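The values are calculated or read from the model by the stated rules, or taken from the named source; none is laboratory data. Being a predicted model, the structure only gives us computed values, none of them experimental. Cβ sites come from the backbone with ideal geometry, for glycine too, and all protein chains shown count toward neighbours.
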Amino acid sequence: MFWGSEKSQQNNTSTLLSEQSLAPFYPKINTFLEQINQIILAKNQQTKLALACLLAGGHVLFEDLPGLGKTTLSSALSHLAGLKFQRIQFTNDMLASDVIGVNMFNQKEHHFEFNSGPIFTQILLADEINRCSPKTQSALLEAMEEGYVTVDGVRYALPQPFWVIATQNPLFQSGTYALPESQLDRFLMRLSLGYPSRQAEKLLLQQTSRHDLIAALAHIFNESEILQLQGFVEQIHLSDRLMDYILDLAAETRKGRHGLSTRGVLALKKAAQAYALIEQRNYVNPDDVQAVFAAVVSHRIGLSDLEASKLLEQVSIQ
């Protein structure tokens with residue numbers, strides 16, 4: 001009540017316009033979640049967080065054992081978002097040029113031409129990203145941070161929106177390379193699906209192929225709608241008190257350890273704004289921050305989701 005009443009007392013015209021602008025998108029957001037939860041069973045919170053990543057314009061990393069639905073969820077997200085999609089299956093012999101492209105000499109025209117790689121898309125599924133070398137992984141850094149790639153001193157803009165959905169296998173498996181901290185920090189969230197419930201797994205045995213189910217779904221959004229929603233996320237109201245709450249959480253992570261960076265603080269703010277939009281509000285409340293906290297923070301400071309949740313409990317809401 002306190003947070004909502006503080007926001008409602010502003011009586012700001014731009015806020016009222018924002019509410020009117022958001023209302024037509026709420027049914028589509030609900031349909032998106034309903035459809036994707038028919039593909040990925042009993043993982044409602046993970047799918048909601050993944051949608052929050054898309055609306056916040058942030059990249060998402062799925063970490064799990066092979067065969068638990070990471071690639072299926074990534075494909076479903078791409079299909080329902082209605083954006084151009086490319087998939088890269090990362091292997092240990094891949095080069096950076098296999099991702100971003102290479103200049104090749106055109107003998108007929110007698111000049112070099114840039115042949116773009118699969119990164120020139122709107123949604124890039126980087127499958128098993130930690131099976132390639134750190135040098136190849138670093139090819140994604142500029143793209144994920146700035147939406148550009150640079151080849152031989154020439155900068156090329158990527159299509160917008162640009163969203164990386166990456167999957168990685170646990171590091172104890174053979175043939176994997178740990179993602180460097182600079183790469184991990186480019187992901188807005190790290191999510192894990194885990195094993196399905198017994199009931200959900202029984203349904204998987206009874207139903208048809210997930211790929212067939214995805215192909216039968218209609219696109220929910222299109223390019224202009226995604227860009228519009230990403231613009232709305234930045235306008236979701238965040239009170240001064242809630243900013244202080246986020247800063248208190250950041251300060252708690254920095255006690256006696258390498259804590260949350262400023263980029264991480266900004267990521268937490270934007271993820272909370274996107275989550276509030278999905279919850280059909282044009283203002284952020286503490287529940288939104290708490291809902292996204294572990295997914296945004298844990299991979300940045302080397303904590304498990306459980307440790308991040310315990311850390312969250314140590315900061316009171318003033």
Self-check item: Considering residues of segment 277-294 that are in contact (Cβ under 8 Å) with a residue 40 or more places away in the chain, in a helix (DSSP H, G or I) and over 19 Å from Leu193 (Cα atoms) only, the residue farthest from the chain's Cα centre (by Cα)
Solution: Pro286
Exercise. Determine, yes or no, whether Gln235 is touching a helix residue (DSSP H, G or I) at 6+ places or on another chain (Cβ under 9 Å), in a loop (DSSP other than H, G, I, E, B) and surrounded by 14 or more Cβ atoms within 10 Å (Cβ to Cβ).
Key: yes
Practice problem: Return the residue satisfying two criteria in turn: it lies in segment 238-261 and is within 23 Å of Ser304 (Cβ to Cβ) and among the hydroxyl-bearing types (Ser, Thr, Tyr), and of such residues it is surrounded by the most Cβ atoms within 10 Å (Cβ to Cβ). | Solution: Thr253
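So that you can scan it fast, the table gives a plain yes or no per residue for (1) of a type outside the set (S, T, N, Q); (2) surrounded by 21 or more Cβ atoms within 10 Å (Cβ to Cβ):
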{"site": "Glu19", "(1), (2)": "yes, no"}
{"site": "Ala42", "(1), (2)": "yes, no"}
{"site": "Ala50", "(1), (2)": "yes, yes"}
{"site": "Gly58", "(1), (2)": "yes, yes"}
{"site": "Gln107", "(1), (2)": "no, no"}
Quiz item: Among the residues of segment 51-59, is any over 20 Å from Val297 (Cα atoms) and part of a helix (DSSP H, G or I)?
Solution: no
Self-check item: Of all residues in segment 128-167 being of a type in the set (Asp, Glu) and surrounded by fewer than 18 Cβ atoms within 10 Å (Cβ to Cβ), the one that is farthest from Phe187 (Cα to Cα)
Solution: Asp152
Quiz prompt | Subset of segment 130-166 that is free of Cβ contacts under 8 Å to residues at least 60 places away in the same chain, under 16 Å from the mean Cα position of the chain (by Cα) and assigned to a helix (DSSP H, G or I) - its residue that is nearest to Pro66 (Cα to Cα) | solution = Leu140
Quiz item: Which pairs do you get when a residue that is within 17 Å of Val297 (Cβ to Cβ), found in segment 231-249, comes within reach of a residue that is in a loop (DSSP other than H, G, I, E, B) and of a type in the set (A, V, I, L, M), reach meaning Cβ atoms under 6 angstrom, with the pair 6+ apart or on two chains?
Solution: Leu242/Val284; Tyr245/Ile317; Asp248/Val315; Leu249/Val315
Practice problem: Would you check if there is a residue in segment 292-313 being farther than 17 Å from Arg190 by Cβ, touching a helix residue (DSSP H, G or I) at 6+ places or on another chain (Cβ under 8 Å) and at pLDDT below 95? | Solution: no
Quiz item: Restricting to segment 295-318, what's the tally of residues that are surrounded by 14 or more Cβ atoms within 10 Å (Cβ to Cβ) and more than 19 Å from the chain's Cα centre (by Cα)?
Solution: 6
Quiz item: For segment 65-88, which residues satisfy the criterion of being on the phi > 0 side of the Ramachandran plot and surrounded by fewer than 20 Cβ atoms within 10 Å (Cβ to Cβ)?
Solution: Gly67, Gly82
Exercise. For segment 175-194, indicate whether the set of residues that are exposed (fewer than 13 other Cβ atoms within 10 Å of the Cβ), of a type outside the set (Ser, Thr, Tyr) and touching a strand residue (DSSP E or B) at 6+ places or on another chain (Cβ under 9 Å) is non-empty.
Key: no
Self-check item: Criterion (touching a residue at least 40 places away in the same chain (Cβ under 8 Å), in a helix (DSSP H, G or I) and either farther than 26 Å from Glu19 by Cβ or in contact with a Gly (Cβ under 7 Å, 6 or more places away or on another chain) (or both)) met by exactly one of Leu213, Leu205
Solution: Leu213
Quiz item: What pairs can you find where one residue is in segment 261-276 and under 17 Å from Arg186 (Cβ atoms) and touching a residue at least 12 places away in the same chain (Cβ under 8 Å), the other is in a helix (DSSP H, G or I) and basic (Lys, Arg), and their Cβ atoms are less than 9 Å apart, with a gap of 6+ or different chains?
Solution: Ser261/Arg300; Arg263/Arg300; Gly264/Arg300; Ala267/Arg300
